[in-house]
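The values are calculated or read from the model by the stated rules, or taken from the named source; none is laboratory data. The structure presented is a predicted model; accordingly, all values stated were derived computationally and were not measured. Cβ sites come from the backbone with ideal geometry, for glycine too, and all protein chains shown count toward neighbours. With ligands, DNA and RNA removed, areas are computed over all heavy atoms of the protein, side chains included. Shrake-Rupley method; radii C 1.70, N 1.55, O 1.52, S 1.80 Å.
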Amino acid sequence: MKKFLLLILKIIVLTAILAVVLDFGYTTVYLQSTNRGKIDSVFNSTAGDYDVVVLGSSRANNHFVTELFEKKGLKAFNFGMSGGHLYEASLLLKLMIERNYVIKNVILEADLNLSNDHEAEGISAKFLPYLHRSETVKKHFEKQADFNELYYIPFYRYLKFETRIGFRETFFTTIQKKSKLLDNGGYYPLGNTTKGNMKNNIVNLNPLAHNKYYEEIKAVCKANNIHFIAIMTPMCENVVGMNYFDKVHKAYPEIYNYENVVKENKYFSSCGHMNDAGARIFTTVVINDFFKSNK
């Protein structure tokens, strides 16, 4: 019995040591990452300088054409993250501030994402390699139910989110395999052929009366003298429940409603996402409205 208990103890100790070593190894790899994703590129950089930073979900990522800002002489980057919520947009902005970024304007896609204030696990997991390396990341995750496990148990976060930050992603990061997420200034164009669902029903969708992460983004911008521009972006003409955007305007009157700027289905790849042609029309309108005087 004594030998058995000793064996169990040895296994536990060896497992703990292995977990610490793997945690250190994986984290070290991510600390060298600059070309795999937007979160990595921000964390492993300092003192970025932008005239325009775009934040939001896929409806930012697919809708704001960085090239058109650049043609106006505006240094811009689209940090929109497909699948992300305002939870991740807020953290990414705070991470930029922590990294001493200088930003003149933040354009936030704020419409459908106002209906929730929880994390998008698949996206928020990308911040976890930096949990022990950034006070900003740590504080943002502190209120999560599993924070103690993520923070104090070595390698736990890499196991829990293996498909996002596990072996495969760590391997690609190690060999510096470039992803397409940073191409086109962060803008991800969708094809001009309709491929997605061209019908959508948002009748039961309601914006939160107080979305904490939207308010957090506003506060960060104010504290750092960043001009904050919140915009509702277009949806296709087949949507049922378009009064959602009226609800947003009532709850957040400072958000500019650009939902009707592009209507025709030919400018959409799916009901909630414009194709490249639609995105260019939309971005041009936004630039003319907010940056017309820029040379």
**Fill in**
Val42 vs (1) farther than 17 Å from Ala125 by Cα; (2) touching a residue at least 12 places away in the same chain (Cβ under 8 Å): all pass except (1)
**Request:** Out of the residues in the range 86-123 that are part of a helix (DSSP H, G or I) and farther than 21 Å from Ile229 by Cβ, state the one that is most open to solvent (accessible area, probe 1.4 Å).
**Result:** Glu121
**Asked** Going by the structure shown, is Lys195 open to solvent by 70 Å² or more (accessible area, probe 1.4 Å), among the basic types (Lys, Arg) and at pLDDT below 95?
**Response** yes
**Request:** Could you check how many residues of the range 20-63 are under 16 Å from Leu131 (Cα atoms) and small (Gly, Ala, Ser)?
**Result:** 3
**Message:** Every residue in the range 257-277 that is aliphatic (A, V, I, L, M), under 20 Å from Asn243 (Cβ atoms) and open to solvent by 10 Å² or more (accessible area, probe 1.4 Å), please.
**Reply:** Val261
**Asked** Within the range 124-160, can you find the residues that are under 30 Å from Asn211 (Cβ atoms) and open to solvent by less than 10 Å² (accessible area, probe 1.4 Å)?
**Response** Ser124, Ala125, Phe127, Leu128, Pro129, Tyr130, Leu131, Ser134, Val137, Phe141, Leu150, Arg157
**Fill in**
Going through the range 175-224 in order, the residues found to be over 26 Å from Asp117 (Cβ atoms) and touching a Gly at 6+ places or on another chain (Cβ under 7 Å) are Ser179
**Item:** Tally of residues being open to solvent by less than 40 Å² (accessible area, probe 1.4 Å) and of a type in the set (S, T, N, Q) across the range 1-34
**Value:** 2
**Message:** Residues to consider are Glu237, Glu254; find the one that is loosely packed, with under 15 Cβ neighbours inside 10 Å and in a loop (DSSP other than H, G, I, E, B).
**Reply:** Glu254
**Asked** Residue check, Thr163 against (1) hydroxyl-bearing (Ser, Thr, Tyr); (2) at pLDDT 95 or above; (3) surrounded by 15 or more Cβ atoms within 10 Å (Cβ to Cβ), all met but one. Which one?
**Response** (3)
**Asked** Pairs, please: C-beta under 8 Å, at least 6 apart or cross-chain, first residue without any contact (Cβ under 8 Å) to a residue 40 or more places away in the chain and within 13 Å of Pro207 (Cβ to Cβ) and in the range 249-273, second open to solvent by 20 Å² or more (accessible area, probe 1.4 Å) and among the β-branched types (Val, Ile, Thr)?
**Response** none
**Request:** Count, please, the residues in the range 53-78 that happen to be among the hydrophobic types (A, V, I, L, M, F, W, C), touching a Ser or Thr at 6+ places or on another chain (Cβ under 9 Å) and part of a loop (DSSP other than H, G, I, E, B).
**Result:** 2
